[in-house]
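Input: a single structure, listed below in structure tokens.
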Amino acid sequence: MGLLLTGGTIVLEDEVIIGDIKIENELITEIGEKLVPLNNDTVIDVTGKQVLPGVIDAHVHYKMALGKVYTVDNFETGSRAAICGGVTTVIDYAEPIEGLSLLESLDYRVKEAKGHNFTDFSVHMTISGNTPYNLDDIKKFRAYGINSIKLYTTYDFIMNYDMIFDVLRKAKEVNMVVTIHSEDNKIVTDKIKELLEHNKTGVEFHGVSRPSKAEYYAVERIIDMCEQEDLSAHIVHVSSGLTGELISKAKARGVKISAETCPHYLMLNDEVYKRTDAQLFVMQPPLRNEYERLKLIDEFLKGTFDFVTTDHCAYSPHQKFISNTFYETNGGIPGTETLLPIIYNQTVSAGKMDLLNMSKLLSTNPAKKFGLYPKKGVLKVGSYGDVVVVDPDLEVVLSNDKVHTAADYTTFDGIKLKGYPIMTILRGMIAYRDGKFLMGDPKGNFITC
Ligand SMILES: [Zn+2]
């Protein structure tokens, strides 16, 4: 029993066609014109609608522990929201667990998610500055089925620049991707200290407490390492257009640097930190001023970023309003569900990017980077039947009531959109259709690369 979508505008890898697409036993089996259904095939007419590869959100934190608190979205609620926004695959994080080896920590996280994710998933393995690691560990990650490591230049996971250099060298030997949260720790901690000395503790100081020069400086150091020894690194959640420009120039020189940005940095600026509900917008790195935001949009439209992710890390308003200081407010916002709608509106609906290029940013490029391609990230025969159907004419006003995250809010409340996902198909299963979530139990698989 197969599924046949007919008459849609189908986004293939290098072209957009009008036609039909057939999925059988989880895989795409045929793409073409006037495909003939078998007796028991489900046929859905999607004329006038756009058929895209399922979105891959390559940066989410579900059920993340922060001290004794967990983020409000667990695997079930986070991935359910993801499906409702056209996301079929997420890449979450495994963190080192005390008493376990890195490989055991990775295995623990994958087992924790198995049976609870509605989307398919992979993970990035975090190595922190005080986790012993060697080349053998990194080889084991690859053998386990993942291809990427996460490093931090700040927080408890902090790794100094010399160690980062070492990881980049080791990762090159085994062809692992190294993704890096880049905010220079000294710049951030000095700034925070200065603010506290002046009793500037309110959330309105969140933006200035982690200035964009901290990001710029850390990224500059990483680019330098890559350039010196022909290494490669991936910068996560770039928040400022100034950093974007730095990356763009490095790429033009041939440096092997890749980067992602997030919808919130493109859509919002630091004025929100003056609001009475500013906590709802606290994430790291923070939102930037309007000049840097507009510059970020320029870089984004120029193609500086390889893909867009959300850094989904949801806290409930209760968890957010527990403090009114910038340094104690839980940092992170929900986002997976609104990834496609926001980016679609900023690009395709705005007439600033075509469907094909947008789809590369949301699906093909992250799949290629993290070893999921061509199983994922593309509509072609033999790939998984992961599909999102978008109605380009559907007008939606995003609101806190509309989103499915357990955080029960969106930072994009009130934003008017034209073009919205109406159906999400995971490996041939219709998981979401016309506002209704249809997957009974979580059926997401761990996808190895
Ligand atoms: Zn993150």
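We did not get these values from a lab; they are worked out from the coordinates using the rules stated. On a predicted model such as this, the values are computed, not experimentally measured, just so you know. For neighbour counting, all protein chains shown are included, and Cβ atoms are generated from backbone atoms with ideal geometry for every residue, glycine included.
Placing +1 on the Cβ of every Lys and Arg and -1 on the Cβ of every Asp and Glu, with no other charges, gives the chain a dipole of roughly 200 debye about its Cα centre. Against the chain, whose longest principal axis comes from its Cα atoms, helix 75-84 is set at around 50 degrees. Farthest toward the positive end of the dipole of the stretch 55-369, out of Val272, Thr325, Pro132, is the Cα of Val272, where the dipole comes from beta carbon charges about the Cα centre. Estimated purely from DSSP H runs of n ≥ 4, each contributing -39500 (n - 2.57), the mean residue ellipticity at 222 nm for the chain is -8500 deg cm²/dmol once divided by its residues. Compared with the dominant principal axis of the Cα atoms in the chain, helix 161-173 is inclined by about 30°.
Once the dipole of the stretch 1-121 is set up with Lys and Arg at +1 and Asp and Glu at -1 on Cβ about the Cα centre, which of Val55, Ser101, Thr42 lies farthest towards its positive end? Of Val55, Ser101, Thr42, it is Ser101. In the chain, Cα pairs under 8 Å separated by at least six residues give a relative contact order of 22 percent.
The residue among Val381, Thr410, Tyr291 whose Cα reaches farthest toward the positive pole of the charge dipole of the chain, with charges on the beta-carbon of Lys, Arg, Asp and Glu, is Val381. Per the Debye formula with a single identical scatterer at each Cα and no solvent contribution, what log10 I(q)/I(0) holds for the stretch 55-369 at q = 0.07, 0.11, 0.16 Å⁻¹? Debye curve over Cα of the stretch 55-369, log10 I(q)/I(0) at q = 0.07, 0.11, 0.16 Å⁻¹: -0.25, -0.65, -1.53. Amide H to amide H, with H built 1.01 Å from N, Met353 comes under 5 Å of Val348, counting only residues 5 or more places away or on other chains. For Leu394, nonlocal amide neighbours, meaning residues 5 or more places apart or on other chains whose placed amide H falls under 5 Å from its own, are Gly419, Tyr420. Computed from Cα positions, the angle between helix 185-197 and the longest principal axis of the chain comes to roughly 60 degrees. In terms of packing, defined here as the mean over residues of other Cβ atoms within 10 angstrom, the peptides 129-137, 417-425, 252-260 line up highest first as 417-425, 252-260, 129-137. Overall, the stretch 180-295 carries a charge dipole of about 140 debye about its Cα centre when +1 sits on the Cβ of Lys and Arg and -1 on the Cβ of Asp and Glu, all other atoms neutral. Grouping the Cα pair distances of the stretch 309-382 into 10 Å bins from zero gives a pair-distance distribution of 18, 32, 26, 19, 5, 0 percent in increasing distance order.
Going by Cα centres, the stretch 344-382 and the stretch 431-448 are how many Å apart? What the calculation gives is 20 Å, centre to centre.
The protection proxy used here, the mean number of other Cβ atoms lying within 10 Å of each residue, ranks peptides 237-244, 161-168 as follows, highest first: 237-244, 161-168.
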